[in-house]
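Here is the structure we will look at.
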Amino acid sequence: MRWPIKPFYSQGATPDCNIQTIVSRAQSLLARREHARKELAHKLQYKFSHCEQLETLLSQALDYCESQNWLSDQRYLESYLRMAQAKGQGELKCRQALLQSCDRVDLIDEALRDYAQLSKTVAKQALVKKFGDTCRPSDRKEFARRLRFLQARGFSVTQCYQAFDPD
């Protein structure tokens, strides 16, 4: 079991509870990778959990980050889907992960609509990487094994069968 990392202020020093400190911490997190608003808010709530009026300070800080174009759910979705495509993950797995980290269901649906068009090629690439080819095996056991592999990666049954179809 992985234990949560204790914040540095547990040893006595507490970070200031003002908007500049929260924005500075948000900048630090956003410099490493893209974050969704919900995900960044969760990280900042953990970091500044001792602060009074945290909700108002947090919403002001996140609004400021969005106004400076440092924080964008659209960019986060695009970067996540690029990473998922490189890993060979399917649409269903991506949808679940994105719903946990982002509140904007309309943006998620729009991004996944574009990703669904790529899912056949992503599934084929995953099959080639794992098994060496995309031809449908004659052995039922082997076919079921490959089908389970694709479904575990987050592809729908229809997408799995399409991955076995010759172009």
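The values are calculated or read from the model by the stated rules, or taken from the named source; none is laboratory data. In this text, all values refer to a predicted model and were calculated from it rather than measured experimentally. Cβ: placed from backbone, ideal geometry, glycine included. Neighbour counts: every protein chain shown.
When you scan region 128-143, do you find a residue that is closer than 28 Å to TYR76 by Cβ, in the same structural domain as CYS94 (by TED's automatic domain parsing) and small (Gly, Ala, Ser), even just one? No, region 128-143 contains no residue that is closer than 28 Å to TYR76 by Cβ, in the same structural domain as CYS94 (by TED's automatic domain parsing) and small (Gly, Ala, Ser).
Return yes when LYS93 is among the basic types (Lys, Arg), surrounded by fewer than 18 Cβ atoms within 10 Å (Cβ to Cβ), in contact (Cβ under 8 Å) with a residue 12 or more places away in the chain and assigned by TED's automatic domain parsing to the domain that holds GLN27 and no when it is not. So LYS93 does not fit the description; no. Being under 16 Å from the mean Cα position of the chain (by Cα) and aromatic (Phe, Trp, Tyr) holds for only one residue in TYR80, TYR161, and it is TYR80. Whether a residue is not aliphatic (A, V, I, L, M) and not in a helix (DSSP H, G or I) was assessed, and GLN60 does not pass this test. Identify, by number, the condition in (1) surrounded by fewer than 13 Cβ atoms within 10 Å (Cβ to Cβ); (2) touching a Pro at 6+ places or on another chain (Cβ under 9 Å); (3) of a type in the set (A, V, I, L, M, F, W, C) that VAL105 doesn't meet. With (1) surrounded by fewer than 13 Cβ atoms within 10 Å (Cβ to Cβ); (2) touching a Pro at 6+ places or on another chain (Cβ under 9 Å); (3) of a type in the set (A, V, I, L, M, F, W, C) applied to VAL105, the lone miss is (2). Only residues that are modelled with pLDDT of 90 or more and either touching a Ser or Thr at 6+ places or on another chain (Cβ under 9 Å) or of a type in the set (Gly, Ala, Ser) (or both) were counted in region 11-36, giving 8. Checking VAL122, VAL128 one by one, the residue that is β-branched (Val, Ile, Thr), in a helix (DSSP H, G or I) and touching a helix residue (DSSP H, G or I) at 6+ places or on another chain (Cβ under 8 Å) is VAL122 and no other.
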